[in-house]
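Have a look at the structure below before the remarks.
Bear in mind these aren't lab numbers, they're just calculated from the coordinates by the rules spelled out. Keep in mind that what you see is a predicted model, and the values were worked out from it rather than measured. In this analysis, Cβ positions are derived from the backbone assuming ideal geometry, glycine residues included, and neighbour counts consider all displayed protein chains.
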Amino acid sequence: MNRFSFALLALWLGGCATLSTTLPPALSPEAARAAWQRHEQSLAALEDWTLAARIAIRTDNDGWNGQLQWRQTPAAYEILFNAPFGQGALQLQGDSHGVAMHDSGGETYAAPDAETLLYERLGWRLPVRGMRYWVTGLPEPDKPHSVEYDHAGRLASLQQSDWRIRYPSYRRVDGVDLPEKVFIENHALSVRLVIDRWQLKPAV
């Protein structure tokens with residue numbers, strides 16, 4: 001990455017910081033847990049959604065930024081990265097049988113899961129399995145985790161599977177509070193998402 005691109009990336013990441021605002025008083029621990037349980041039930045009902053976001057990924061050696069679109073259904077997902085890695089567009093399609101990657105050169109690669117495939121092709125492990133839940137503001141089910149709540153009883157931060165996930169801001173979408181910014185990091189990888197659009201399909 002040249003100096004100009006790195007400077008732009010640094011400025012963009014700096015712009016992800018949440019502006020200082022006056023927040024309502026924090027809930028008591030009991031009230032926060034009750035608010036979280038109500039919020040969690042609303043999120044758990046979301047099985048069919050689409051998001052469009054800006055994404056920045058940083059490792060110890062390099063960094064990339066671009067656009068991401070994620071389409072999730074109960075049985076499958078499709079993730080499109082638009083020119084984030086200097087390789088053109090990359091598309092991931094996954095379901096219970098495995099995952100395939102299609103690149104802009106017309107090549108297709110397959111693996112049992114997205115984490116393995118991304119590591120084999122790009123050299124780092126994006127936690128796609130966990131992100132399916134984290135981007136909506138939920139912990140991945142049936143895995144140990146610790147959480148901190150915000151002033152409204154939503155997740156402010158989450159620690160799970162060697163990853164720390166932070167939620168600087170939310171937006172209201174069809175009556176549900178969904179993350180607007182999601183920061184995901186561990187010792188090897190940092191991912192910042194700024195979600196520009198959510199689209200929810202009503203449950204049948």
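Express the relative contact order of the stretch 27-200 as a whole percentage, based on alpha carbon pairs under 8 Å and six or more residues apart in sequence.
22 percent
Taking 0.36 nm per residue of separation and subtracting the Cα-Cα distance, what length does fully extending Leu43 through Arg129 add?
Fully extending the segment from Leu43 to Arg129 adds 29.3 nm.
Taking the Cα centroid of the stretch 33-72 and of the stretch 95-150, what is the distance between the two, rounded to the nearest whole Å?
Taking the Cα centre of the stretch 95-150 as reference, the centre of the stretch 33-72 is 12 Å away.
Once you list every other residue whose beta carbon is under 11 Å from the beta carbon of Ile79, what net charge do they have if Lys and Arg are +1 and Asp and Glu are -1?
That works out to +1.
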